[in-house]
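Here is the structure we will look at, set down as structure tokens.
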Amino acid sequence: VQLQASGGGLVQAGGSLRLSCAASGKIFSIDSMGWYRQAPGKERELVASVTSGGTTTYADSVKGRFTISRDNLKMAWLQMDSLKPEDTGVYYCSAISRYSNHYWGQGTEVTVSS
């Protein structure tokens, strides 16, 4: 499985961005898709994920502001509203297969200015 992320950029606090992730390859094996982020000097953390059945998980810090969605085939999106400077980081698209293989896309940088 290959993952291609896009949509990052520079935005002012309170603004919005929409990240996209396109999967290719053995997409039939994908169970969940999600987004992780890594802020400077910090560990990579889960932001949001969605299973093939539609179950979503969000980090407490983004609940009510971010929305993850997918088309159940090969696309996933992360709508990010009311962005805060602490949302700054590199965002990575991820996919987990039914066989528990974890795949990563390249990162896309999100910078929120105050």
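The values are calculated or read from the model by the stated rules, or taken from the named source; none is laboratory data. The structure displayed is predicted, hence computed values, not measured ones. When we count neighbours, we look across all protein chains shown, and the Cβ atoms used for this are built from the backbone with ideal geometry, even at glycine. The area values use the complete protein model at the heavy-atom level, side chains included, leaving out ligands, DNA and RNA. Shrake-Rupley method; radii C 1.70, N 1.55, O 1.52, S 1.80 Å.
Overview of results
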read-out	value
Test: Gly34 is at pLDDT below 95, in a strand (DSSP E or B) and buried (at least 16 other Cβ atoms within 10 Å of the Cβ)	no
Filtered residues of region 65-76 (kept if of a type outside the set (S, T, N, Q) and open to solvent by 70 Å² or more (accessible area, probe 1.4 Å))	Leu73, Lys74
Within region 9-31, tally of residues that are assigned to a strand (DSSP E or B), of a type in the set (Gly, Ala, Ser) and closer than 19 Å to Asp81 by Cβ	2
Residue list for region 17-29, restricted to those being more than 14 Å from Thr111 (Cβ to Cβ) and in contact (Cβ under 8 Å) with a residue 40 or more places away in the chain	Arg18, Ser20, Cys21, Ala22, Ala23, Ser24, Lys26, Ile27, Ser29
Region 53-69 - residue that is touching a Ser or Thr at 6+ places or on another chain (Cβ under 8 Å) and assigned to a strand (DSSP E or B) and, of those, farthest from Ile27 (Cα to Cα)	Thr57
Unmet criterion (only one of (1) at pLDDT below 95; (2) farther than 16 Å from Tyr103 by Cα; (3) surrounded by fewer than 14 Cβ atoms within 10 Å (Cβ to Cβ)) for Gly25	(2)
Residue satisfying all of: in region 38-52; among the hydroxyl-bearing types (Ser, Thr, Tyr) and not in a loop (DSSP other than H, G, I, E, B); most open to solvent (accessible area, probe 1.4 Å) among these	Thr51
Exclusive hit being more than 15 Å from Val112 (Cα to Cα) and in contact (Cβ under 8 Å) with a residue 24 or more places away in the chain, set Val11, Val62, Val47	Val47
Checking Tyr58 against (1) among the aromatic types (Phe, Trp, Tyr); (2) open to solvent by less than 60 Å² (accessible area, probe 1.4 Å); (3) within 18 Å of Leu3 (Cα to Cα), the condition it does not meet	(3)
Every residue from region 77-112 that is open to solvent by less than 70 Å² (accessible area, probe 1.4 Å), assigned to a strand (DSSP E or B), hydrophobic (A, V, I, L, M, F, W, C) and within 16 Å of Ala48 (Cβ to Cβ)	Trp77, Leu78, Met80, Val90, Cys93, Ala95, Ile96, Val110
